[in-house]
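Working notes, structure below.
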Amino acid sequence: MSTTELPASHAELMDGVYRWQRHIYDLTRKYYLLGRDRLILGLDVPLGGTVLELGCGTGRNIILAARRYPDARFFGLDISAEMLETAAAAITRENLSGRVTLARGDATDFDAGALFGVARFDRVFVSYSLSMIPGWEKTVSAALAALAPGGSLHVVDFGQQEGLPRWFRALLRGWLRKFHVKPRQSLREVLESESRRTGATFRFRTLYRGYAWLGVIGKSVNAS
């Protein structure tokens with residue numbers, strides 16, 4: 001999908017939400033976007049591998065991953081031009097522009113080959129973005145379609161806080177609604193269903209008493 005074809009309502013909503021928030025996003029979100037660093041540690045990117053982040057935001061995750069896997073190439077997709085502006089500046093400051101490419105696009109429907117010149121990736125990851133994307137299930141399908149044989153999709157997002165007090169769940173969800181964030185109750189079921197559909201392996205972990213969920217889908221080396 002080209003930039004001009006982006007769904008205007010959602011793109012404009014995200015730009016509006018993050019036009020000012022992007023300047024303090026990483027400082028504030030580090031206290032409650034838990035499990036992101038665990039996801040990065042688990043990417044286990046092969047030497048010379050390619051990694052795509054869907055919903056790359058400020059570039060925080062890509063920068064950390066690029067430091068950890070210095071032989072890999074990274075690609076970031078986001079629907080918000082405001083967030084991409086912040087990400088590009090951060091990547092330049094870290095001298096990573098030669099290894100990180102950013103593009104504006106819709107995570108539910110994108111043409112990686114047209115955007116990046118790379119059609120398939122060894123790793124794709126989505127960190128706390130599915131809870132903000134309308135039609136988020138399509139993002140899971142699109143991510144799997146962008147995986148190279150033997151690649152893996154890594155997802156971390158809000159769980160259902162099933163092991164936490166009811167008052168905490170209510171407080172957290174009220175706060176998240178202010179930012180148009182909705183934890184996806186069926187996240188595990190969708191990931192598991194997509195893994196079966198594609199003949200892939202599936203691993204799932206609950207973190208911090210269900211505060212966050214972490215799922216990994218591994219594509220077969222024989223998959224097309």
query: In whole percent, what relative contact order does the chain give with Cα contacts below 8 Å and a gap of six or more residues?
result: 19
message: Positive end of the dipole of the stretch 87-224, charges at C-beta (+1 Lys, Arg; -1 Asp, Glu), about the Cα centre: which of Ala146, Leu164, Val126 has its Cα farthest in that direction?
response: Leu164
- prompt: Is the stretch 63-176 rounded, prolate or oblate when judged by the Cα gyration tensor, a ≥ b ≥ c being the square roots of its eigenvalues, rounded requiring a/c under 1.5 and prolate requiring a/b larger than b/c?
  reply: prolate
field: Contour excess over end-to-end distance, with Cα ends at Ser97 and Arg67 and 0.36 nm allotted per residue
entry: 9.6 nm
message: Between Leu207 and Lys178, what is 0.36 nm times their sequence separation minus the Cα-Cα distance? Round to one decimal in nm.
response: 8.1 nm
field: Per residue accessible area in Å² of the chain, where ligands, DNA and RNA are left out and the probe is 1.4 Å
entry: 47
query: For the stretch 63-138, what is the charge dipole size about the Cα centre, in debye to the nearest 20, if Lys and Arg each add +1 at the Cβ and Asp and Glu each add -1 at the Cβ?
result: 360
- line: If one builds a Gaussian network model of the chain from Cα atoms under 10 Å apart, the most fluctuating residue listed among Gly49, Gly135, Gly159 is Gly135
task: Give me the percent of the accessible area of the chain that comes from carbon and sulfur atoms, probe 1.4 Å, all protein chains in place.
output: 53
- prompt: Counting DSSP beta bridges with both partners in the chain, what percentage is antiparallel, nearest 5?
  reply: 45
field: Whole-Hz couplings from phi, Karplus 6.51/-1.76/1.60, listed for the stretch 42-49; x for Gly and Pro
entry: x, 5, 6, 5, x, 4, x, x
task: List every residue whose amide H lies under 5 Å from the amide H of Leu147, counting only residues 5 or more places away in sequence or on a different chain, with H placed 1.01 Å from N in the peptide plane.
output: Phe121
query: Residues with amide H under 5 Å of Glu53's amide H, sequence separation 5 or more or different chain, H placed in the peptide plane at 1.01 Å from N; which?
result: Phe75, Gly76, Leu77, Phe125
task: Find how much the distance from Trp167 to Asn222 grows on full extension, using 0.36 nm per residue of separation minus their present alpha carbon separation; answer in nm with one decimal.
output: 15.1 nm
22 Å Cα cut-off, lysine pairs counted over the chain (separation 8 or more, or different chains): 4
message: Under the rule of at least 5 residues apart or a separate chain, name every residue whose amide H is placed under 5 Å from the amide H of Ala212.
response: Gly159, Leu207
- prompt: Once phi is turned into θ = phi - 60°, what whole-Hz ³J(HN,Hα) does the Karplus curve with 6.51, -1.76 and 1.60 give for every residue of the stretch 71-80, x standing for Gly and Pro?
  reply: 9, 9, 10, 10, 9, x, 10, 8, 8, 9
- prompt: With charges only on Cβ, +1 for K and R and -1 for D and E, what is the dipole size of the stretch 77-224 about its Cα centre, in debye, rounded to 20?
  reply: 600
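The values are calculated or read from the model by the stated rules, or taken from the named source; none is laboratory data. Predicted, not measured: the structure shown is a model, and the values here were computed from it. Backbone-built Cβ (ideal geometry, glycine too); neighbour counts: all protein chains shown. Heads up: the accessible areas ignore ligands, DNA and RNA and are worked out on the full protein's heavy atoms, side chains in. Shrake-Rupley method; radii C 1.70, N 1.55, O 1.52, S 1.80 Å.
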